[in-house]
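The values are calculated or read from the model by the stated rules, or taken from the named source; none is laboratory data. Keep in mind that what you see is a predicted model, and the values were worked out from it rather than measured. Backbone-built Cβ (ideal geometry, glycine too); neighbour counts: all protein chains shown. Side chains are part of the model used for accessible areas, which takes the heavy atoms of the whole protein and leaves out ligands, DNA and RNA. Shrake-Rupley method; radii C 1.70, N 1.55, O 1.52, S 1.80 Å.
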Amino acid sequence: MSNTPHPGHSDGADVVERIERNWAIVAVGLIVVLVAMVVYTGLHWAMMPPSRVETIDPRKLHIAGEFVENNLGTTLGADGKVIVRLIAQQYSFEPQCLVVPAGMPVTFRATSTDVIHGFVVDKTNANVMLIPGFIATFTTRFDKAGERLMPCHEYCGTGHGAMWGRVQVLPAEVFLAKAKSGERMSCVPR
Ligand code: CUA
């Protein structure tokens, strides 16, 4: 065919080439947009992969160590650091209601006793998976005082939909007045 002059041929090839080029531009454009979204959310929400791995034996959580019942909840250390420890299990968080201060860095340390659960505090970037055998830890800051919901966001069994807790974000001065060094705080009604 190449030696035979063909009036329509080169036009057809042009059209095909143009369509293919347009599709290539769309495909490359999509990739650029998706990568830009990943970079933007990563920087804007400070979402980062965990920087280290800490393991724990989920069968012994209740017996000894950091995650025994009377060590759960919020503590204000002598150094002024706020640490919240909690565990997830089918189908609840322990404690069910967390107290944190607004406008101060808060470090969470959490794990699961049984299956994989999800931990998220609504309208914040506090969002992590709780995996048995591993301690999830991250530091965040709550801008506004108020009450937030803390649902499990990883399907963990038939009771998953009913697995959620609350987070009470107190104004920093109210929190500091309430907190006594060394004491575990929560807002679970007694
Ligand atoms: Cu725990 Cu879903």
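Annotations for the structure displayed:
- Rounded if a/c under 1.5, otherwise prolate or oblate - segment 135-178, Cα gyration tensor axes: prolate
- A Gaussian network model of the chain, with springs between Cα atoms under 10 Å, assigns the largest mean-square fluctuation among T74, T111, T139 to T139.
- Free-standing Cys, the chain [no other Cys Cβ under 4.7 Å]: C152, C156
- The dipole here belongs to segment 37-187: it is taken about the Cα centre, uses +1 on the Cβ of Lys and Arg and -1 on the Cβ of Asp and Glu, and is about 200 debye.
- Computed E for E66/L43 - FRET, C-beta separation, R0 22 angstrom, nearest 0.05: 0.10
- Between N71, A179, V120, the Cα set farthest toward the positive side of the dipole of the chain (charges on each charged residue's Cβ, about the Cα centre) is that of A179.
- Taking amide H as placed 1.01 Å from N in the peptide plane, I135 has its amide H under 5 Å from the amide H of E54, T55, I56, each at least 5 places away in sequence or on another chain.
- Comparing L176, L86, L76 in a Gaussian network model of the chain where C-alpha atoms under 10 Å apart are linked, the largest mean-square fluctuation is found at L176.
- Inter-part distance where segment 76-134 and segment 148-168 are each reduced to a Cα centre, Å: 12
- Long-range amide H partners of G165 with built H, under 5 Å: M150, C152
- With θ taken as phi - 60° and the Karplus curve 6.51 cos²θ - 1.76 cosθ + 1.60 applied, the whole-hertz 3J(HN,Hα) list for segment 143-148 is 6, 10, 6, x, 9, 10 Hz, x standing for glycine and proline.
- In the calculated pair-distance distribution of segment 50-190, the portion above 22 angstrom amounts to 33 percent of the Cα-Cα pairs.
- Relative to the longest principal axis of the Cα atoms of the chain, helix 7-44 runs at roughly 10 degrees.
- Bridge type composition, segment 44-117 - antiparallel percent by DSSP, nearest 5: 50
- Counting only protein heavy atoms and a 1.4 Å probe, the chain has 63 square angstrom of accessible area per residue.
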